[in-house]
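The values are calculated or read from the model by the stated rules, or taken from the named source; none is laboratory data. Since the structure is predicted, the reported quantities are computational estimates derived from the model, not experimental observations. Quick reminder, even Gly has a Cβ in these numbers, built from the backbone with ideal geometry, and neighbours come from all protein chains shown.
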Amino acid sequence: MEKINVGGQAVIEGVMMRAPRSVAIAVRRPNGEIVVRREMVAPLSERFPVVKLPIVRGAVALIQSLVIGIKALNFSANEAMVEEEKEKGGGEELSSWAMAGTMATAFIFGIGLFFVLPLYATKWLTQLAIISDHNIVFNLVDGVIRVIVFLLYIWTISRMEDIKRVFQYHGAEHKSIFAFEAGEELSVENVRRYSRLHPRCGTSFLLIVMLVSIAVFSLIPKLWPFYLKAGSRVVLLPLIAGISYELLKWSAKHDNNPLVKMIIAPGLALQRLTTGEPDDAQLEVAIRSLNEALDVNAGYADDRLVV
């Protein structure tokens, strides 16, 4: 099969893997059984050529990843959590609407925490004359606060037991992809040897988003009222995502360059929090998901995915 790029996402007690034309989700039920859901996903670029354009493709990929990710989380929650409640004699399957509502709430919370709160804190610092209200200084401080809030959030959730398991599946996902990219047979023994830190990880992408946003938000006039500044940050997110996607894609292709290694080092370091060393059972789930995705993909080639 021609070499292709694959990506994925850790879900509840499982892993979702994406090939250019397929998605597969493997989840381990409480009884130890691995259940799989797989489907074809046609690239949007075939219907809309504009999606191939730089920047645009990154914004579209982000939206598509969010939609696929919500579906994967919904499936994994039903299989890994609700199934356990059913075995105990209770519990109801989570509806797509319930999961969508939960994700929408999480999205709004994220916007408030990572974009509105740092903006308000920076405005407060300028009002107290602690920092200058110069546009460059304002946006630099705003960006630094945003990165600090992001790092504190990641560190906090990484201490939670349930999240630790998700992060272990995240590590299993990365190891499996590394083994595939190296042309190895996808066995637990082979996959275990690879690193859990991958240069195309979504964690690195989020860190790049935080840094790119500093430059993009500096274009917002400082005389705008607070509500316009806050609203513009939401509106500019697709642009920021598109730019960040191109930077991540470029760095992944040149990760052997010494300078690029220095640039991507912070993202890889952050992955030490968002990934954990998986056990063999978790590696087995990740391998199953990847094999299923590759089987459905049927050998098509593409290079648009983020791990």
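Scanning the range 43-65 for residues that are closer than 26 Å to Glu292 by Cα and either touching a residue at least 12 places away in the same chain (Cβ under 8 Å) or in a helix (DSSP H, G or I) (or both) turns up Pro43, Leu44, Ser45, Glu46, Arg57, Gly58, Val60, Ala61, Leu62, Ile63, Gln64, Ser65. Here Pro199 meets each of (1) over 30 Å from Thr122 (Cα atoms); (2) in a helix (DSSP H, G or I); (3) touching a helix residue (DSSP H, G or I) at 6+ places or on another chain (Cβ under 6 Å) with one exception, condition (2). Considering the conditions (1) more than 16 Å from the chain's Cα centre (by Cα); (2) at pLDDT below 90, Lys71 is excluded by exactly one of them, (1).
Being surrounded by 20 or more Cβ atoms within 10 Å (Cβ to Cβ), closer than 28 Å to Lys164 by Cβ, touching a Ser or Thr at 6+ places or on another chain (Cβ under 9 Å) and free of Cβ contacts under 8 Å to residues at least 60 places away in the same chain is a property that Leu283 lacks. Of all residues in the range 78-88, at least one satisfies being modelled with pLDDT of 85 or more, surrounded by 15 or more Cβ atoms within 10 Å (Cβ to Cβ), of a type outside the set (D, E, K, R) and in the same structural domain as Leu283 (by TED's automatic domain parsing).
Being crowded, with 18+ Cβ neighbours inside 10 Å and modelled with pLDDT under 90 holds for only one residue in Leu248, Leu228, Leu270, and it is Leu248. Here is the figure for the range 1-42: residues that are surrounded by fewer than 16 Cβ atoms within 10 Å (Cβ to Cβ), outside any strand (DSSP E or B) and in contact (Cβ under 8 Å) with a residue 60 or more places away in the chain total 3. Screening Lys164, Lys123, Lys175 for residues that are closer than 22 Å to Val11 by Cβ and surrounded by 14 or more Cβ atoms within 10 Å (Cβ to Cβ) leaves exactly one candidate, Lys175. Leu66 - would you say it is assigned by TED's automatic domain parsing to the domain that holds Asn291 and crowded, with 17+ Cβ neighbours inside 10 Å? Taking the combined requirement at face value, the residue does not satisfy it.
Checking Leu228, Leu223, Leu236, Leu211 one by one, the residue that is in contact (Cβ under 8 Å) with a residue 24 or more places away in the chain and closer than 17 Å to Asp142 by Cβ is Leu211 and no other.
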